[in-house]
């Protein structure tokens, strides 16, 4: 769940300084702070499964997977995805990245509208992004938005089936995500 903090608008520099000392994580959207609250156990299990699978798959590839504690900068906004993969030789800023290849959000009832709408559009504005993935936590359902000439959309819902993260050359069984 995202809750609005009762603080005035912040500049990017003020936000970055504030976030390094804050006990809570916050997204910065249009100069406003939004606190990031905790997740359900199912949300964390799914995110952990994906992190482990991606980490093992990416070893030695030059790509890295990051969990929910590292931000992505989109213009002057800063967002915390559940997971993302970055394939770049330079490390960039240690507290945020600007060039994810793959972004994954595990959906919550309180944030799924935002994840499907404005947040998806923000991420899709990043030139490096190849895939944006939405993973339902209550039913087996994974939506993949893939950059082609535009953006194509596929949904996978069979536990016995598999899906492909083409951006990182990974085929994965849905049952591995939902174990």
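Bear in mind these aren't lab numbers, they're just calculated from the coordinates by the rules spelled out. Quick caveat: nothing in here was measured; it's all calculated off a predicted structure. Using ideal geometry, Cβ is built from the backbone for each residue, glycine included, and neighbour counts are taken over all protein chains shown.
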From the residues in segment 14-50 that are within 13 Å of residue 80 (Cβ to Cβ) and out of contact with any strand residue (DSSP E or B) (no Cβ under 7 Å at 6 or more places or on another chain), which one is surrounded by the fewest Cβ atoms within 10 Å (Cβ to Cβ)?
-> 38
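Do you know which residues across segment 52-69 are within 23 Å of residue 20 (Cβ to Cβ) and either in contact with a helix residue (DSSP H, G or I) (Cβ under 7 Å, 6 or more places away or on another chain) or buried (at least 17 other Cβ atoms within 10 Å of the Cβ) (or both)?
If the condition is that a residue be within 23 Å of residue 20 (Cβ to Cβ) and either in contact with a helix residue (DSSP H, G or I) (Cβ under 7 Å, 6 or more places away or on another chain) or buried (at least 17 other Cβ atoms within 10 Å of the Cβ) (or both), then 64, 65, 66, 67, 68 are the ones that fit.
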Just a yes or no: is a residue in segment 99-115 part of a strand (DSSP E or B) and surrounded by fewer than 20 Cβ atoms within 10 Å (Cβ to Cβ)?
-> no
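List the strands (runs of 3 or more DSSP E) inside segment 128-170, counting only whole elements, that have at least 1 residues being under 16 Å from the mean Cα position of the chain (by Cα) and closer than 26 Å to residue 40 by Cβ.
Strands (runs of 3 or more DSSP E) meeting the threshold: 131-135, 142-147, 162-165.
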Evaluate the following for residue 83: is it surrounded by 14 or more Cβ atoms within 10 Å (Cβ to Cβ), closer than 29 Å to residue 169 by Cβ, without any contact (Cβ under 8 Å) to a residue 60 or more places away in the chain and in contact with a helix residue (DSSP H, G or I) (Cβ under 7 Å, 6 or more places away or on another chain)?
-> yes
